[in-house]
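One structure is given below, encoded as structure tokens.
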Ligand code: CA
């Protein structure tokens, strides 16, 4: 066993391949080089390297498509992509396909060594996090924190580890209560900036001039009342992550200042002369349609372009009703633990009503309702008829015409139905069905087994 990191290099051009092998070997890594995707796939089927360095244009296919397939099949190691085309679109595609970094050819040796080194570090940190949380895999720590449910935001959750390990600016879109700050915190916690500060501000909560002073700081005497110089939140987030919630509510003035921070990686305090360098990762969130605002001229399109490097949409709860039983169970457990008391068990009828409710306040509203139920000892879900209070502890023989299912049964039933629907829609193609369900092939395979779903019954 060697403690040197093993890098799989996939590059068809012989001269480059030999050069990269030399550079990375000199940097202390063990390198396995393969000239085609077919060769690389054969290697990955039998080995798990610590990192993959992947060319995009290969004789037998597209590197990014290969990467997306490998990720779907469960490849967990960090991947650094190399391409000759350095467009932002290409970079975003690479991130979405699951790359942690992106090198534009030609690049110098130092950049190659640093990208591989950082990729390896990020991979190790993610693994640590997952082990610490007792969960490993695509449905690991981050997803558990995010969804706490059997389904739902898996698409988003699957994207997060990869997005987290990069420094790319992220724009989260979703209604209030959909968990934008939870996602931002999860991204920070899984990023190499973990030990740095996480600084959050709601741009809609402050009047414009105050927001600017808070964000960018000021020098003494910059305006009436500025008796002493102060660091803004941008400076306070140095080395960490700055989370700007409700960025659509930012004034034009503040938008201009923020654009400068993103472009120049430096901040000018109000009334200050020399700008200060900052090393921050920005995550922005909004419930507004920034593209429409940019078209109307109320949001700077150049700022939108800078922010929108990795857009992530968080669906409203009413668009993922199948998750509601699982979420109720998750929040019950959470608040029972926190409040050290046991809450009521939801009946099948209550779950049905909860799934029918529109939940304008989304997951946050649902969590509040469940927390209240743990405190009160019975559910009072909005939109649901109030459940009868438990009357006596005696084993009531009160005739219940319908046998209530346990939550687990209800969830399993919903899950089985979703799997069957997806398989039908995919015409029995399991890879396609897994994609529709937003789960890995392996997860689908396990679910087929768990629910004893036989293909012939599905497709017949
Ligand atoms: Ca090539």
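Please treat every number below as a calculation from the coordinates, not as lab data. Note that this is a predicted model, so its numbers are computed, not measured. Ideal geometry is used to build each Cβ from the backbone, glycine not excepted, and the neighbour counts take in all protein chains shown.
Distance between the modelled labels on residue 210 and residue 380, one decimal in nanometres: 3.3 nm (7 Å Cα→Cβ projection). Look at the Cα gyration tensor of segment 162-219: its axes a ≥ b ≥ c give a/c of at least 1.5 with a/b at or below b/c, and that counts as oblate.
Could you line up 312, 324 from fewest to most neighbouring Cβ atoms inside 10 Å?
On the way: 312 21, 324 26.
Ranking 312, 324 by Cβ neighbours within 10 Å, fewest first, gives 312, 324.
Label zone (residue 288, point 7 Å along Cα-to-C-beta; backbone nitrogen cut-off 18 Å) within segment 254-276: 254-260. If R0 is taken as 56 Å, the Cβ-Cβ distance between residue 318 and residue 26 corresponds to a FRET efficiency of 0.50. Multiplying the residue separation of residue 417 and residue 372 by 0.36 nm and removing their Cα-Cα distance gives an extension gain of 13.1 nm.
Using only the Cα atoms of segment 193-337, build the gyration tensor, take square roots of its eigenvalues as a ≥ b ≥ c, and label the shape rounded, prolate or oblate: rounded if a/c is under 1.5, else prolate if a/b is larger than b/c, else oblate.
On the way: a/c = 2.22, a/b = 1.65, b/c = 1.35.
Prolate is the answer for segment 193-337, as a/c is 1.5 or above and a/b outweighs b/c.
Sorted from longest to shortest, the spans of the Cα atoms of segment 1-67 along the three principal axes equal 32, 27, 15 Å.
Label zone of residue 296 (point 7 Å out along Cα→Cβ, amide N under 12 Å): in segment 222-266 this covers 249. Extension gain for residue 432-residue 16 works out to 146.2 nm (0.36 nm per residue, less the C-alpha to C-alpha distance). The alpha carbon centroids of segment 52-69 and segment 167-210 are separated by 32 Å. Prolate is the label for segment 165-272, because the ratio a/c of its alpha-carbon gyration tensor axes (a ≥ b ≥ c) is 1.5 or higher and a/b is greater than b/c.
Ranking 57, 277 by Cβ neighbours within 10 Å, fewest first, what do you get? Working shown, then result.
Numbers: 57 15, 277 10.
With the fewest neighbours first, 57, 277 line up as 277, 57.
Taking the number of Cβ atoms within 10 Å of each Cβ as an exposure proxy, the fewest-first ranking of 43, 107 is 107, 43. Residue separation of residue 358 and residue 47 scaled by 0.36 nm, minus their Cα-Cα distance, works out to 107.2 nm of gained length. Contact order, relative form, for segment 248-314: 34 percent (alpha carbon pairs under 8 Å, 6 or more residues apart, mean separation divided by residue count).
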